[in-house]
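Let me begin by presenting the structure, written as structure tokens, before commenting on it.
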2 protein chains.
Amino acid sequence: MTLIKVGIIGIGNMGSSHAKLLIDGKIEGATLKAICDPNQEQLNVISRYSSGNVQTYLDEEAFLNESGIDAILISTPHYDHPNLAIKAFSKGMHVLIEKPAGVYTKDVAEMNKAAKESGKVYSIMYNQRTNPIYQKLRSLIQSGELGEIKRTNWIITDWYRSQSYYDSSEWRAIWQGEGGGVLLNQAPHQLDLWQWTTGLMPKRVHAFCHNGKYHDIEVEDDITAYVEYENGATGVFITSTGEAPGTNRFEIVGDRGKMVVENNKLSFYRLTQSEREFNATYKGGFGSPECWTIDIPINGNSTDHQGIIQNWIDSILKGTPLLAPGEEGIKGLEISNAIYLSSWLNEPVELPIDADLFYEKLQEKINQSTFQKKNVTKMTLDVSGTH
Amino acid sequence: MTLIKVGIIGIGNMGSSHAKLLIDGKIEGATLKAICDPNQEQLNVISRYSSGNVQTYLDEEAFLNESGIDAILISTPHYDHPNLAIKAFSKGMHVLIEKPAGVYTKDVAEMNKAAKESGKVYSIMYNQRTNPIYQKLRSLIQSGELGEIKRTNWIITDWYRSQSYYDSSEWRAIWQGEGGGVLLNQAPHQLDLWQWTTGLMPKRVHAFCHNGKYHDIEVEDDITAYVEYENGATGVFITSTGEAPGTNRFEIVGDRGKMVVENNKLSFYRLTQSEREFNATYKGGFGSPECWTIDIPINGNSTDHQGIIQNWIDSILKGTPLLAPGEEGIKGLEISNAIYLSSWLNEPVELPIDADLFYEKLQEKINQSTFQKKNVTKMTLDVSGTH
């Protein structure tokens, strides 16, 4: 059987973890051929882990031109994803990018264009799409069980990070290095699932970001965003890395009831008739439609990062449909960019946002920065079970 | 034993219910002496229920001057509460007002002043303060168990009302008649408990109100409010009468964990150390403080409206401390007024709000109204178990 020769660029927390999956033979149909990182020590760790069976590159151009890989997994700092993916597509490689797709939609749109022109298999590490609970939620909503959506609400504050996490890399949590905080690093999963499960993108966003509220960092670690959808529904998205223990509760209200995902459980509060219909016909004053409380059975387990990598390889080898097509990375990022922009301008913004204005405002943040990172420890963290 | 002679003005849904409690002898130390309402039929219903033992008045002045009552329970439309209370205090009566205290803080402040000058016992129908779950929550927070508060979140959408509810009275759900919608009629309980349990009033409010979204009404039936507190904490308050089944979930996050009230259960996710301390000292990158999940035992039952009326009578007769002092009604109303004002101005507002500006904007709403109420049925609804 053909083995897809995979290369990984960016051997930090996530890249190291992905490399080990491949070295350990967890991905059928693929082999790790080469890795690239500007930090020799990071390369050495993985090289030793592979017993010297993986080529190492400090230089990006050499990695891209000489390693002979078929497919590239990009797990560099976020800013570099689009640029690297575009280069890889031009060399005929299949591409899997870590989330977020990038820092601003302007260059992610270019990456999507390059992907389309290349015809290569392009995926994004939305590993939480492998969670059967969100797959079931999506399928119920898309099948019309919930009726027209009225309100969404996601409190996703269980992304707790201590100061030592932010001190683990120089690029983290500064505008120039990472381009954002919890919204760009941790919450992209939920920003994606929010739109993926409901099938709805916000039309208008009004958001409130707080920078360095709980940590000595330049970017935001606490956010509340209010959104409005085209059909008049509203929504709230709350995220933070400063709360312990956090909450992860996603509530979606529709004309036919309510669905709540919390504590790995999907509850469906199902009306026996449409609320709009009840409202129009009921004559009793107080009273509400009959409601059944249902625990929706969830089958299977999250296959997580391994599942996304395997799906990408299967798509390359066998044409398996992608669970997380790379082109869809722009959706969560568009919401993320809108949240920042609204907070920076202190006014509501409409989607699609003015991508040039966002880019300009982000450059202002970078150029006006006076933040100095202290106590950088440069450690590679064990991410098992955390993302 | 002395019996306090109580009069009730406003014999609608709530007034009728309170009258029956008194007639049924459910309130120790009090007797219902007189009732007043401009609608003869409403008076007749209660008069028959009392076997003719209660005096009835169509005229407010006669009721206040000739009925010989010691204490007045005011359950008229909201606008009239301050005016009637001020008159009653001037005649030496004790006063219990239905919630909300009024429609705008301007005249509620005057009512509070009159109450203070009179020295009479002045309470407000915040019957949900009798719920032992909120009493326990308050006592835990006030004792410091939760540490400094970081975030509050109340989704209180289980105030479902159908169109027929709004059609039951002419004054309901129009700016001129009621002065507001879900925020002024249903949610005042939670607006009060939000500040009463936490001991925090918001400093800044940014809110989004939707008028007549789910019903043929002039006022709001769907609201999302974002608030900021003096200490930097944030909060969200969501309410609606258009969702079925609704949610009633109150989450408070502090430095020492999280408390959640939902489904008549108080859960305390208690950290074994301060999160701020952990953040400053932990060196492991990923990781969070140890957390214990505790079901807080709740003893006793809500005594509800009966409890508030009894407490008011006990305070008159025996000096028992009030659970819901009338003076505190202005707090929830101040938040409510701020939410409207922010939504009307489409900008954040600081608390205390500009009470004159709010009054002026409300008059504009009233004067510019072109809304016509249709299908008014004028029915008195059975409110048992609904408020």
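The values are calculated or read from the model by the stated rules, or taken from the named source; none is laboratory data. In this text the structure is predicted, and so the values were computed from the model without any measurement. All Cβ positions, even for glycine, are placed from backbone atoms using ideal geometry, and neighbour counts span all protein chains on display.
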Subset of region A:241-269 that is basic (Lys, Arg), buried (at least 20 other Cβ atoms within 10 Å of the Cβ) and more than 7 Å from chain B (Cβ to nearest Cβ) - its residue that is farthest from the chain's Cα centre (by Cα)
A:256
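Report, by residue number, each residue of region A:275-290 that is among the polar types (S, T, N, Q) and more than 7 Å from chain B (Cβ to nearest Cβ).
We begin by selecting, within region A:275-290, every residue among the polar types (S, T, N, Q); these are A:279, A:281, A:288.
Of everything in region A:275-290, just one residue is among the polar types (S, T, N, Q) and more than 7 Å from chain B (Cβ to nearest Cβ), namely A:281.
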Step by step: first the residues of region B:115-160, then only those that are of a type in the set (A, V, I, L, M) and more than 14 Å from chain A (Cβ to nearest Cβ), then the one that is nearest to residue B:321 (Cα to Cα). Which residue is that?
B:121
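State yes or no: is residue A:220 more than 10 Å from every other protein chain (Cβ to nearest Cβ), more than 20 Å from the chain's Cα centre (by Cα) and of a type in the set (D, E, K, R)? Give the steps one after another, and end with the answer.
Numbers: more than 10 Å from every other protein chain (Cβ to nearest Cβ): yes; more than 20 Å from the chain's Cα centre (by Cα): no; of a type in the set (D, E, K, R): yes.
Against the criterion (more than 10 Å from every other protein chain (Cβ to nearest Cβ), more than 20 Å from the chain's Cα centre (by Cα) and of a type in the set (D, E, K, R)), residue A:220 does not qualify.
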So, residue B:229, is that one surrounded by fewer than 24 Cβ atoms within 10 Å (Cβ to Cβ), within 9 Å of another protein chain (Cβ to nearest Cβ) and hydroxyl-bearing (Ser, Thr, Tyr) or not?
no
Could you check region A:280-303 and list, in sequence order, the residues that are surrounded by 15 or more Cβ atoms within 10 Å (Cβ to Cβ) and touching a Phe, Trp or Tyr at 6+ places or on another chain (Cβ under 7 Å)?
A:285, A:286, A:288, A:289, A:291, A:296
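Among the candidates B:247, B:272, which residue alone is farther than 30 Å from residue B:346 by Cα and among the β-branched types (Val, Ile, Thr)? Write out each step before concluding.
Working: B:247 fails: farther than 30 Å from residue B:346 by Cα.
Within the list B:247, B:272, the selection yields B:272.
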Say whether the condition of being at pLDDT below 95, of a type in the set (Val, Ile, Thr), buried (at least 16 other Cβ atoms within 10 Å of the Cβ) and under 30 Å from residue A:94 (Cβ atoms) is met by at least one residue in region A:335-344.
no
Here is a check on your reading of the model: is residue B:158 over 18 Å from residue B:309 (Cα atoms) and in the same structural domain as residue B:273 (by TED's automatic domain parsing)?
yes
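Can you confirm whether region B:169-182 contains a residue that is hydroxyl-bearing (Ser, Thr, Tyr) and in contact with a strand residue (DSSP E or B) (Cβ under 9 Å, 6 or more places away or on another chain)? I'd like the intermediate steps shown before the answer.
Residues of region B:169-182 hydroxyl-bearing (Ser, Thr, Tyr): B:169.
If we keep only those that are in contact with a strand residue (DSSP E or B) (Cβ under 9 Å, 6 or more places away or on another chain) as well, we get none.
Checked region B:169-182: no residue is hydroxyl-bearing (Ser, Thr, Tyr) and in contact with a strand residue (DSSP E or B) (Cβ under 9 Å, 6 or more places away or on another chain).
Identify the residue in region A:11-61 that is on the phi < 0 side of the Ramachandran plot, small (Gly, Ala, Ser) and without any contact (Cβ under 8 Å) to a residue 60 or more places away in the chain and, among all such residues, is surrounded by the most Cβ atoms within 10 Å (Cβ to Cβ). Before the answer, list the steps.
Residues of region A:11-61 that are on the phi < 0 side of the Ramachandran plot, as a first pass: A:11-24, A:26-28, A:30-50, A:53-61.
Subset that is small (Gly, Ala, Ser): A:12, A:15-17, A:19, A:30, A:34, A:47, A:50.
With without any contact (Cβ under 8 Å) to a residue 60 or more places away in the chain added as a condition, the list becomes A:19, A:34, A:47, A:50.
Numbers: A:19: 26, A:34: 21, A:47: 18, A:50: 18.
Among them, the one singled out is A:19.
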Residue count, region B:119-176, condition within 18 Å of the chain's Cα centre (by Cα), under 30 Å from residue A:284 (Cα atoms) and buried (at least 20 other Cβ atoms within 10 Å of the Cβ), comes to 17
Any residue at all in region A:102-110 that's free of Cβ contacts under 8 Å to residues at least 60 places away in the same chain and either aliphatic (A, V, I, L, M) or within 28 Å of residue A:354 (Cα to Cα) (or both)?
yes
In region B:333-368, what count of residues is obtained for those that are of a type in the set (Ser, Thr, Tyr) and outside any helix (DSSP H, G or I)?
0
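Does region A:223-281 hold any residues that are among the hydroxyl-bearing types (Ser, Thr, Tyr) and farther than 24 Å from residue A:183 by Cβ, and which are they?
Keep residues of region A:223-281 that are among the hydroxyl-bearing types (Ser, Thr, Tyr), which gives A:224, A:226, A:229, A:234, A:239-241, A:247, A:267, A:269, A:272, A:274, A:281.
Correct list: A:267, A:269, A:272, A:274, A:281.
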